[in-house]
Each structure stands twice: as structure tokens, then as C-alpha cells.
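The values are calculated or read from the model by the stated rules, or taken from the named source; none is laboratory data. These numbers come from a predicted model, not from an experiment. Cβ coordinates were reconstructed from backbone atoms using ideal geometry, including for glycine residues, and neighbour counts include every protein chain displayed. The protein model used for the area step is the full one, side chains on, heavy atoms only, and it has no ligands, DNA or RNA in it. Shrake-Rupley method; radii C 1.70, N 1.55, O 1.52, S 1.80 Å.
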Amino acid sequence: MESAYFAIKKSMLGRRVLRSKTWAGIAQEVYSLLSAYQALRIAIADAIETTPGADPDRGSFSVALRCARDQIVLAAGIIADTVIDLVGTIGRAVLDQLMPARRLRISPRAVKRPLSRYAYKSLKVDRRTYTATLSINILTPTISP
């Protein structure tokens, strides 16, 4: 969900705000953004499926979005007597610019919570060494007759 939110907010909207002034208009804009996002993700997944052994994470959303915008701006494929192949055009663009494979994780994911750098100043740790003497007393139970 976070990646979808990021893709819509940063990539599709380009940090612009929604233009509508009414609740109905805002709902329409949000639904259109979600529909466009889902259509692009389906185009990416369909394109990646045609390449055997390719990881779906290698398909770039930015490349798909840029290609879809180019298709709309150029009004490509809107004439009735031509073949409309928008998903194919987007898919070919995604396959031509696959992202590199993810590197393998060496160690398991862990949450590190280091102390604040300010906390070290407040710690009163005595780091001097001392000589210590240990004595061990072994007590045996006394049995009374």
C-alpha cells in the first residue's frame, strides 16, 4: 500500500494537489488516479510475465507512466481504422528498460535502536580498572546427631 501511495503522490501527481473543490470531484479524481495506477500495474505485470524468469519487481512504474503519458499526449492509437495497442506499447517500454535485479539480503532484517548521541553524555560510566580480590567460602551442611 505504501508503494501505491508513493507512486500516486510523487510520480502521478508530481506533488500537485487535487484540483476539485467538491467532495464528489475529489472522489472522482481519487478513483481516476487509482484506476490509472491499477491499469499501469496490470500492464507492467502482463509485460513481465512474457519474459521467463523475470522478477516482477524489475518493471519500472515510472517508465510505464512516462510511456502512457506519451501515448496520450501524442494521441497515438485513437484513429478508428488503426490497431490500438496501448498495453503493448507500455509493456515494450517497460521490458526495454528493466531495472537491475535486487541484490540478495546478506543478513536478516533487524530494527536497530541505537542510543541517541546525546544519551552518551548523560551516562556516568566509570571506565577505570580496579584490582579486585575474590574469596570463595565453601559451606558444608552440619548434620546434627
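Carbon-plus-sulfur fraction of the accessible area of the range 1-41, 1.4 Å probe, in percent?
Summing carbon and sulfur atoms, their accessible area is 62 percent of the total for the range 1-41.
7 Å from Cα along Cα→Cβ at both Arg103 and Phe6: what's the point-to-point distance in nm?
The two pseudo-label positions are separated by 1.8 nm.
Apply the Karplus parameterisation 6.51 cos²θ - 1.76 cosθ + 1.60, with θ equal to phi minus 60°, to every residue of the range 31-40 and state each ³J(HN,Hα) to the nearest whole Hz, in sequence, with x for glycine and proline.
Result, rounded to whole Hz: 5, 5, 5, 5, 5, 5, 4, 5, 5, 5.
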